[in-house]
Amino acid sequence: MDDGRPFGAAALDDEHAPRPEDTARTADAKDATPDGPAARRPRAVVRIWVLDADTAHPAAARCLSPAELARAREPAMRRVRRTYVTSRALQRTLGARYLGTPAEHTDISRTCFHCRDDGHGKPWFPAAPELDFSVSHTAGLVVLAASTDTRVGVDVEAGGRTVETSGMTRLLASDSERRHLPAHDGNTLRRALLRLWARKEATLKLTGHGLLHVPFRELSVDGRTARIGTPPVNWPTGPIHLADLSLDHGYAAALATTRARPEITVTPLAQVADLSW
């Protein structure tokens, strides 16, 4: 996720920790096998919505809570105010459509399961714990993914962003990933690194672990599933499946799920109010 800060800086909406019941809902490893339980149940469905914050109607701010409105008015939020408002409004509208409640009164918890801080955990709806969702934004584009069938994590990176490839490779790539990166510097390497970045962010958003718990170099995402040598506490016991998302204008985007080969729908929105469940 890119919120306009320097590469590697803290994200605007951190999703650091799973809620307590997440581990109970983790898919079992045998779900990924042809003869496991997944073969006898319908495919998971993941819905994704995409909205350009620069075109979102100012009325979206009416969806926010008083605390969110106060934060949006802070001088430090000036550069990312529209993105913040659009992101929070989309999340609240999702909960409102699902629960049938007014968006501004839809309760969203952000309590971190690791440290119990109530400000930086992976967001979830206490009134609908079965609805798992994840949000990401870059260069004003907001992407929201949700499902009642699988845990989800989503990330989007601006395809045209400038990166220092050698430094990014050292920070990002595991040993196995480094061996398969393009040999020469340039756009091909830059795109490959952004793809890895989006996949790793999506994975950690699904699990709720931040970089302090899982350094990017310890996580490999260049295959169909994420791989990690020594999983941290509360890491899913089953596989984390990865899919690249095709978005306009060259964005690098990825989806992580605990169910294999989900049915994915991507819906561009003109306004926050257009989101439907």
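Starting at the first residue of the range 206-213, write each ³J(HN,Hα) from the Karplus equation 6.51 cos²θ - 1.76 cosθ + 1.60 with θ = phi - 60°, in whole Hz, x for Gly and Pro.
5, 6, x, 9, x, 5, 5, 8
Could you give the size of the charge dipole of the range 104-199 about its Cα centre, using +1 on the Cβ of each K and R and -1 on the Cβ of each D and E, expressed in debye and rounded to the nearest 20?
For this selection, approximately 520 debye.
With the other protein chains left in place, how much accessible area per residue, in square angstrom, belongs to the range 112-266 at a 1.4 angstrom probe?
The answer is 42 Å² per residue.
Of Thr148, Pro129, Gly229, which is farthest towards the positive pole of the range 100-234's charge dipole, taken about the Cα centre with +1 and -1 on the beta-carbons of Lys, Arg and Asp, Glu respectively?
Gly229
Could you give log10 I(q)/I(0) at q = 0.14, 0.16, 0.20, 0.27 Å⁻¹ for the range 201-277, computed by the Debye formula over C-alpha point scatterers of equal weight, without solvent?
Log-scaled intensity ratios, in q order: -0.55, -0.69, -0.94, -1.35.
Let me make sure I get this right: for the range 100-242, a, b and c are the square roots of the gyration tensor eigenvalues over alpha carbons, sorted descending. Under 1.5 in a/c it's rounded, otherwise prolate if a/b > b/c, else oblate. Which is it?
Taking the square roots of the gyration eigenvalues as a ≥ b ≥ c, the range 100-242 is prolate.
Any idea of Thr230's accessible area? Nearest 10 Å², probe 1.4 Å.
Surface accessible to solvent at Thr230 totals approximately 110 Å².
Roughly how many percent of the accessible protein surface of the range 108-253 is carbon and sulfur, given a 1.4 Å probe and a whole-percent answer?
C and S fraction of accessible area: 50 percent.
The values are calculated or read from the model by the stated rules, or taken from the named source; none is laboratory data. As the structure is a prediction and not an experimental result, all values here were calculated from the model. Quick reminder, even Gly has a Cβ in these numbers, built from the backbone with ideal geometry, and neighbours come from all protein chains shown. Note: areas computed on protein heavy atoms with side chains; ligands, DNA, RNA excluded. Shrake-Rupley method; radii C 1.70, N 1.55, O 1.52, S 1.80 Å.
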